[in-house]
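Shown next, in structure tokens, is the structure this report addresses.
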Number of protein chains: 4
Amino acid sequence: MSATPSKPAMVTHLCTGESEAKREQILTGAKAIFAAHGFEGASMSAIAREAGVSKGTLYNYFANKCDLFAAFVEKNCREKLQVLAPVQQLGLSPEKTLRALAREIVRLIISPESLMLYRIIVSEAPHFPHLATTFWQSGPKRALETLSGWIEGQVAQGTLKVDDPIFAAEQFFSLCQTRIAHRKRFNMPLENEAEEEEKVISNAVRVFLAAYGVSSSEKTTTD
Amino acid sequence: MSATPSKPAMVTHLCTGESEAKREQILTGAKAIFAAHGFEGASMSAIAREAGVSKGTLYNYFANKCDLFAAFVEKNCREKLQVLAPVQQLGLSPEKTLRALAREIVRLIISPESLMLYRIIVSEAPHFPHLATTFWQSGPKRALETLSGWIEGQVAQGTLKVDDPIFAAEQFFSLCQTRIAHRKRFNMPLENEAEEEEKVISNAVRVFLAAYGVSSSEKTTTD
Amino acid sequence: MSATPSKPAMVTHLCTGESEAKREQILTGAKAIFAAHGFEGASMSAIAREAGVSKGTLYNYFANKCDLFAAFVEKNCREKLQVLAPVQQLGLSPEKTLRALAREIVRLIISPESLMLYRIIVSEAPHFPHLATTFWQSGPKRALETLSGWIEGQVAQGTLKVDDPIFAAEQFFSLCQTRIAHRKRFNMPLENEAEEEEKVISNAVRVFLAAYGVSSSEKTTTD
Amino acid sequence: MSATPSKPAMVTHLCTGESEAKREQILTGAKAIFAAHGFEGASMSAIAREAGVSKGTLYNYFANKCDLFAAFVEKNCREKLQVLAPVQQLGLSPEKTLRALAREIVRLIISPESLMLYRIIVSEAPHFPHLATTFWQSGPKRALETLSGWIEGQVAQGTLKVDDPIFAAEQFFSLCQTRIAHRKRFNMPLENEAEEEEKVISNAVRVFLAAYGVSSSEKTTTD
DNA sequence: TATGAATGAGAGTTCATTCAT
DNA sequence: GATGAATGAACTCTCATTCAT
């Protein structure tokens with residue numbers, strides 16, 4: 001009977017470890033089903049089947065469908081909406097930095113997982129206000145902070161002239177959503193995607209610099 | 001003042017007018033429920049109750065839930081997404097015209113009905129591709145055509161310098177969605193909405209003209 | 001006012017005439033639908049559509065679905081289950097007469113309309129006892145009467161030796177249902193139908209005559 | 001007498017035994033409702049109520065109404081249509097054997113469960129062709145095989161003279177359906193049922209032997 | 001802890017029947 | 001007399017959730 005005292009600890013440890021793995025397993029199944037059918041269209045049975053667990057197990061890990069949905073959204077927002085952190089640290093020219101940022105923003109926005117989350121968040125925003133906030137803070141807000149931080153730096157260096165860096169960042173963000181993002185969200189076909197992407201990036205940068213760049217006479221916009 | 005003209009109207013009323021009225025009645029109920037719960041979340045019973053008809057009547061007018069949903073989306077896209085037609089004809093200065101257009105675009109995009117439709121269309125785009133197209137063609141496409149048509153006119157007059165008017169129109173459209181539209185779609189609170197709206201409009205116009213305006217030395221951006 | 005008295009008569013006449021035609025029209029539609037789907041599976045809407053009348057008209061002619069069903073069954077039993085009347089009058093030999101009767105019986109039993117009615121009657125017998133009686137009296141009973149009447153004649157002539165002509169007729173009737181009828185009722189495939197029919201007829205006659213024929217001077221019927 | 005054999009049984013009982021019991025419970029309820037109302041007329045709610053389970057449980061055991069119907073038919077055909085196997089092994093005289101077989105056939109055909117299945121199968125044969133086959137193979141086909149096997153034996157012994165034993169068996173089967181079976185299928189009243197049954201049996205045997213018996217001069221029909 | 005059988009409310013849909021026109 | 005819009009009950013089937021094992 002000497003082993004018994006250690007048993008609970010191990011068990012707890014094992015269980016927690018296994019629990020964590022099973023939790024992930026469930027969330028992976030949930031992602032597939034919620035992505036394909038949305039919140040209302042998804043059924044707990046389908047999720048259980050997809051995840052390879054029983055329905056009872058689902059309810060051991062998540063109190064109900066809403067909780068599971070929230071966990072799925074939060075996990076995926078946290079994991080899939082993060083980028084463009086280190087770009088500005090390379091000592092590139094403002095234009096090249098903006099181009100790099102624009103490229104990352106575009107890529108992020110039109111990634112299948114972002115689009116899936118966007119669709120779900122927008123559609124459920126009225127019923128899950130907290131999730132919309134999570135999405136916003138994990139994705140757009142971080143991107144805007146990075147962007148506005150970089151803009152402030154440029155203003156300090158005198159390479160940009162911007163009164164409201166946060167608003168300017170939002171405008172740049174909007175410019176990056178021209179054409180491709182809108183169409184993808186509507187599931188509409190898009191020809192020459194790579195080409196269009198370059199065009200969106202180049203023109204976002206060009207317009208932004210035309211409006212906020214300093215001494216436009218020295219600048220040469222490329223394309 | 002002869003009685004005859006009213007006769008056909010009455011006959012029409014008797015024959016199909018009531019049906020048409022009931023159809024509208026159903027679509028009104030459907031709008032309330034679909035808007036609140038989305039496609040999957042809406043129940044035919046709830047729609048019938050909201051519309052004040054029996055469930056059977058629903059199915060006398062629409063073959064099934066999908067058809068009713070499609071009819072609801074099409075009707076509302078057709079009726080609620082139309083604007084900004086006559087603005088450019090008023091002979092205003094380019095800047096003032098752009099401001100007027102921007103204002104109409106912003107107002108349209110953040111109108112409750114537009115937001116509701118946007119939410120539903122984006123969320124159901126994978127399952128109802130046709131409806132996304134309907135939405136796009138009723139709303140954004142028309143706005144972009146109006147906009148790019150006006151731009152082409154300005155280019156011809158030499159007041160703007162634009163290589164790709166359609167793309168430029170799309171950028172202007174994107175700029176109009178800065179801050180307010182994004183936040184509304186996510187159901188996030190927005191303080192000083194009127195003030196923000198002015199800011200979005202002014203800066204959209206300012207950035208656009210900075211990029212595409214001619215002889216910037218003569219221009220005076222207002223706010 | 002002199003014209004009025006004749007009006008009702010004419011109207012009645014016209015209406016009755018048209019009514020009769022419309023009644024038939026409805027019953028024709030009902031036949032198609034009841035035949036295909038049975039009583040429970042048939043819908044009044046489908047019958048109205050098939051008959052080319054409105055649902056309201058259905059209820060002007062028949063009080064409800066049961067009545068319409070009863071009318072359909074009675075009409076078709078009366079019209080489709082009648083045969084083999086004149087055969088025995090032709091002065092053929094007993095064997096040839098029996099063969100002719102057997103052929104008519106087999107043909108009647110396996111006619112699509114008989115099978116359809118049989119299916120419907122058997123399946124609804126517990127719920128519509130009267131219809132089963134109608135079917136029996138329109139079809140089998142008449143056939144048996146014809147048969148037993150002929151048998152009685154033969155007994156009187158000394159060409160058959162039968163104690164209970166009605167029962168013997170029923171046996172002959174049963175013998176005619178060997179193989180083909182049973183299989184058809186179960187919708188089972190049957191190869192060489194014409195050949196099988198000959199076999200059934202020949203053997204029904206042969207067995208019947210072996211049991212009830214006279215020429216075998218040694219026969220002693222007991223019972 | 002060892003306990004171990006019972007262990008697996010218990011395990012089985014625990015694992016799927018309860019499921020099996022519930023399945024039977026459902027099928028029992030289904031039998032009552034399908035028997036009373038046929039396939040179309042039966043409702044899953046009524047079956048659930050009759051079986052004492054919830055509607056959801058019905059669908060845990062059977063994918064849909066058709067599957068439940070098929071399971072009900074197959075189970076009952078398998079269980080209720082089996083008989084007359086050992087009769088011919090007793091060393092009875094041909095006549096007595098035939099009488100015993102006829103009695104079993106008649107009893108089988110007019111048993112309430114056979115009649116119920118016959119009604120349902122005949123009425124649904126066009127929509128469930130497989131079930132008609134199941135019925136045929138569980139009931140009539142087996143009876144005919146038994147019968148024709150015995151006939152072949154008699155032919156080999158010289159007590160019967162039959163060219164086509166299978167066809168002769170079918171004829172005997174038909175003769176056994178005289179009067180009683182036909183009337184029961186039509187739900188028509190029948191007086192003196194026991195007496196009629198004897199008559200049908202006696203005469204079926206008599207007619208069959210008159211047609212297929214050898215040296216009729218030695219034969220003495222009894223009863 | 002993991003299971004999946006069980007539940008019953010509610011989903012979309014169809015139906016026989018009525019009745020104002 | 002003929003129509004077909006309207007009804008609401010009843011249909012088949014699915015669902016989130018519970019709980020004994």
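The values are calculated or read from the model by the stated rules, or taken from the named source; none is laboratory data. All values reported here derive from a predicted model rather than from experimental measurement. Here Cβ is always computed from backbone atoms with ideal geometry, including for glycine, and neighbour counts include all displayed protein chains.
Looking across A:Ile180, A:Ile166, one residue alone is within 12 Å of chain B (Cβ to nearest Cβ) and more than 25 Å from B:Ser114 (Cβ to Cβ). It is A:Ile166. Take the conditions acidic (Asp, Glu), farther than 24 Å from A:Gly213 by Cβ, surrounded by fewer than 20 Cβ atoms within 10 Å (Cβ to Cβ) and outside the structural domain of B:Ala32 (by TED's automatic domain parsing) and apply them to B:Glu124. Does it pass? For B:Glu124, the condition - acidic (Asp, Glu), farther than 24 Å from A:Gly213 by Cβ, surrounded by fewer than 20 Cβ atoms within 10 Å (Cβ to Cβ) and outside the structural domain of B:Ala32 (by TED's automatic domain parsing) - is not met. Scanning segment A:26-41 for residues that are away from chain B (no Cβ under 14 Å) and in contact (Cβ under 8 Å) with a residue 24 or more places away in the chain gives A:Ile26, A:Leu27, A:Gly29, A:Ala30, A:Lys31.
When segment A:183-198 is limited to residues that are free of Cβ contacts under 8 Å to residues at least 12 places away in the same chain and surrounded by fewer than 17 Cβ atoms within 10 Å (Cβ to Cβ), the one that is nearest to A:Pro165 (Cα to Cα) turns out to be A:Glu198. Tell me yes or no: at least one residue of segment B:34-46 is buried (at least 18 other Cβ atoms within 10 Å of the Cβ), within 16 Å of DNA strand E (Cβ to nearest atom) and among the aromatic types (Phe, Trp, Tyr). Within segment B:34-46 (the criterion being buried (at least 18 other Cβ atoms within 10 Å of the Cβ), within 16 Å of DNA strand E (Cβ to nearest atom) and among the aromatic types (Phe, Trp, Tyr)), the answer is yes, since at least one residue qualifies. Within segment A:42-58, the residues that satisfy the criterion of being touching a residue at least 12 places away in the same chain (Cβ under 8 Å), more than 14 Å from chain B (Cβ to nearest Cβ) and near DNA strand F (Cβ under 9 Å from one of its atoms) are A:Met44, A:Ile47, A:Ala48, A:Thr57, A:Leu58. For C:Val155, the conditions (1) in contact with a Phe, Trp or Tyr (Cβ under 8 Å, 6 or more places away or on another chain); (2) farther than 26 Å from C:Leu27 by Cβ all hold with the exception of (1).
Among the residues of segment A:96-106 satisfying the criterion of being away from every other protein chain (no Cβ under 14 Å) and touching a residue at least 12 places away in the same chain (Cβ under 8 Å), which is surrounded by the most Cβ atoms within 10 Å (Cβ to Cβ)? Step by step, filter segment A:96-106, then rank; the result is A:Leu101.
When residues in segment B:59-84 are screened for being away from every other protein chain (no Cβ under 14 Å), closer than 13 Å to B:Ala30 by Cα and more than 14 Å from DNA strand F (Cβ to nearest atom), 7 of them pass.
Reported count of residues in segment C:120-144, each being among the small types (Gly, Ala, Ser) and either over 10 Å from the mean Cα position of the chain (by Cα) or at the interface with chain D (Cβ under 7 Å from one of its Cβ atoms) (or both), is 3.
For D:Phe39, state whether it is within 12 Å of DNA strand F (Cβ to nearest atom) and under 20 Å from the mean Cα position of the chain (by Cα). In short, yes. The residue that is surrounded by the fewest Cβ atoms within 10 Å (Cβ to Cβ), among those in segment C:156-167 that are out of contact with any Ser or Thr (no Cβ under 7 Å at 6 or more places or on another chain) and touching a residue at least 12 places away in the same chain (Cβ under 8 Å), is C:Gly158.
This table checks each residue for (1) more than 28 Å from A:Gln157 (Cα to Cα); (2) at pLDDT below 95.
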| site | (1), (2) |
| --- | --- |
| A:Leu68 | yes, no |
| A:Val73 | yes, no |
| A:Glu79 | yes, yes |
| A:Val83 | no, yes |
| A:Gln88 | no, yes |
| A:Lys96 | no, yes |
| A:Leu108 | yes, yes |
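When A:Leu117, A:Leu147 are checked against the criterion of being part of a helix (DSSP H, G or I), within 13 Å of chain B (Cβ to nearest Cβ) and at pLDDT 95 or above, A:Leu117 stands alone in meeting it. Could you figure out which of (1) surrounded by 14 or more Cβ atoms within 10 Å (Cβ to Cβ); (2) out of contact with any helix residue (DSSP H, G or I) (no Cβ under 6 Å at 6 or more places or on another chain); (3) within 25 Å of D:Phe34 (Cα to Cα) isn't true of C:Asn64? C:Asn64 satisfies all of (1) surrounded by 14 or more Cβ atoms within 10 Å (Cβ to Cβ); (2) out of contact with any helix residue (DSSP H, G or I) (no Cβ under 6 Å at 6 or more places or on another chain); (3) within 25 Å of D:Phe34 (Cα to Cα) except (1).
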